[in-house]
Amino acid sequence: MSLEKSAFAVRENAYAPYSNFKVGAAVLSEGGTIYSGCNVENIAYPEGTCAEAGAIAAMVAAGETKLTEVFVVADSKQPVSPCGGCRQKLAEFGSSDTKVTLANLDGVRVTMTMAELLPGAFGVDHMDADHQDRD
Ligand code: THU
């Protein structure tokens, strides 16, 4: 199944009884495997998890830590916009030129790079050891 089809398919399994907003995400790993995830909500609202987090968790659980492409879909007017937290989560395992496609069910797609999705991402460079332990 393609990355796009995987995201559309897993979206069907989203557990979103509170928002009624189902999201599907699929990531392609460096090893060439597709991992997918959907949002899983909870009656204790903050405990819900995003689709992107689910796809990343599946990839890491399978022993992979690098993704090369991302596809996210929801039934939104504009292609779904990953939340800030998920942008940082995706950046952790992708690179600045990783292709990210956002889509809705009407066939509208926006493709961008990870750097465009999260400009100025917090990264290891910001934790330069020379600047640690400074009061
Ligand atoms: N959501 C995602 O899963 N991914 C996104 O990119 C945007 C938002 C979920 C979280 C929540 O379950 C629902 O969509 C409404 O915010």
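Scan Gly37, Gly107, Gly31 and give me the residue that is free of Cβ contacts under 8 Å to residues at least 60 places away in the same chain and farther than 17 Å from Met1 by Cβ.
After applying the criteria, what remains is Gly107.
Checking Gly107 against (1) surrounded by fewer than 12 Cβ atoms within 10 Å (Cβ to Cβ); (2) within 12 Å of the ligand (Cβ to nearest atom): exactly one of these is not met. Which one?
In the conditions (1) surrounded by fewer than 12 Cβ atoms within 10 Å (Cβ to Cβ); (2) within 12 Å of the ligand (Cβ to nearest atom), Gly107 misses (2) alone.
Filter segment 88-104 down to residues that are in a loop (DSSP other than H, G, I, E, B) and among the acidic types (Asp, Glu), then give me how many there are.
1
Quick one: what pairs do we get from segment 1-13, first residue under 10 Å from Gly24 (Cα atoms), second modelled with pLDDT of 95 or more and polar (S, T, N, Q), C-beta under 7 Å, 6+ apart or different chains?
Ser6/Ser36; Ala7/Ser36; Val10/Ser36
Taking only pairs six or more apart or across chains, which ones have beta-carbon atoms under 8 Å, a first residue in segment 69-98 that is closer than 16 Å to Met59 by Cα and touching a residue at least 12 places away in the same chain (Cβ under 8 Å), and a second residue that is open to solvent by less than 10 Å² (accessible area, probe 1.4 Å) and in a loop (DSSP other than H, G, I, E, B)?
Correct list of pairs: Glu69/Thr98; Val70/Thr98; Val72/Pro82; Leu90/Pro82; Leu90/Thr98.
For segment 24-40, state whether one or more residues are of a type in the set (D, E, K, R) and more than 24 Å from Glu116 (Cβ to Cβ).
no
The values are calculated or read from the model by the stated rules, or taken from the named source; none is laboratory data. Source: prediction; values computed, not measured. FYI the Cβ positions are ideal-geometry reconstructions off the backbone, even for glycines, and counts take in every protein chain you see. For accessibility, only protein heavy atoms count, side chains too; no ligands or nucleic acids. Shrake-Rupley method; radii C 1.70, N 1.55, O 1.52, S 1.80 Å.
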